[in-house]
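What follows draws every value from the coordinates through simple rules; no lab data is involved. As the structure is a prediction and not an experimental result, all values here were calculated from the model. Positions of Cβ are backbone-derived with ideal geometry, glycine not excepted, and every protein chain shown enters the neighbour counts.
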Amino acid sequence: MSKIHIDDETLRPAPRRSNDRVEEIGLGVLGVVLLVGGWEYAAYAGWLNPVIVSSPSAIAQAFARQWQSGDLMKDLGISLAEFAIGFSLSLVVGLALGVAMGMSRWVEYAADPFIWFLYASPLIAFYPLIIVWLGFGSTTVIALTFLLTFVTIAVNTMAGVRSVDPQLIRAVRAFGGSRLDVVAKVVLPASVPLVLAGVRIGLGRALIGVILGEMFSSNGGLGYHISFYGAHLKTADLFVPLTTVVVIGVVMTRICAVFERRFLAWRN
């Protein structure tokens, strides 16, 4: 029986064509257009209850009203400020604690019960207690954002530090490198993939924390008006801050992907 020879070249994926990106974007835009068009037609034909799902044209009118009145930009500013503060605190504390836990068993043993308690417990159940401690307003929103985010960053950072080859650390120390040299030249570059994974997950959790906090303990922000419009059955108005939150999440994810590529290039 003759043997069939399979060239290795046939097993390799076909190279990406230059117009694949254009095709991807075009199909994505087409899908959105078909969805919005079908939604608008269904609402126009009376197939949908406008109180429940509204319509794209009504949402566009609500967006114009909120933009002209300045309410949308005011809410956006409040939510972004709370997000920036909460996520920045989470990033600083999470990275520092994760590196310390990864490099010292003593720190890990001391912090481990608290880390896993916060990671495993449904923090939203402690929300009434947080309000009692901190009151209503931005402080509570920032605290919830921090608690929902920093644990993920710390755990991923610790895992990244633990994945570093010990031979590399010993090599730096053999050449007289300090502990700071070990962290800056070996630990951080080698742990970048897992650290960035934690940061990417943390972005989503931070956004969730801001919206949840504003829905229950604030009188401003995108989350507050999502709750307000929903309670008053103003569905078209509700979709404006809701869509804004989705857009913010997508933009932040894309920005994180850009930074991830740059950090990976620096690592290599």
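Backbone geometry of the stretch 248-261 corresponds, through the Karplus equation with coefficients 6.51, -1.76 and 1.60 at θ = phi - 60°, to 3J(HN,Hα) couplings of 4, x, 5, 4, 5, 5, 5, 5, 4, 5, 5, 5, 4, 5 Hz, x marking Gly and Pro.
To the nearest 10 degrees, how steeply does helix 138-162 sit against the main Cα axis of the chain, on a 0 to 90 scale? Once rounded, the angle reads 30 degrees.
Summary of the geometry: the stretch 120-158 and the stretch 42-102, compared by the centres of their Cα atoms, lie 19 Å apart. Close amide-amide hydrogen proximity is noted between Ser55 and no other residue 5 or more places distant or on a separate chain, at a cut-off under 5 Å (H modeled in the peptide plane; Pro and chain starts excluded).
Taking P(r) over Cα pairs in 10 Å bins from 0, in percent as calculated from this structure, the corresponding entry among (i) 7, 32, 37, 19, 5, 0; (ii) 6, 26, 29, 22, 13, 4, 0; (iii) 6, 20, 24, 22, 16, 8, 3, 1, 0 is (iii). Arranged from fewest to most other beta-carbon atoms within 10 Å of their beta carbon, Met73, Met101, Met158 become Met73, Met101, Met158. Basic side chains Lys and Arg get +1 at the Cβ, acidic Asp and Glu get -1 at the Cβ, and with that the dipole of the chain about its Cα centre reaches some 740 debye.
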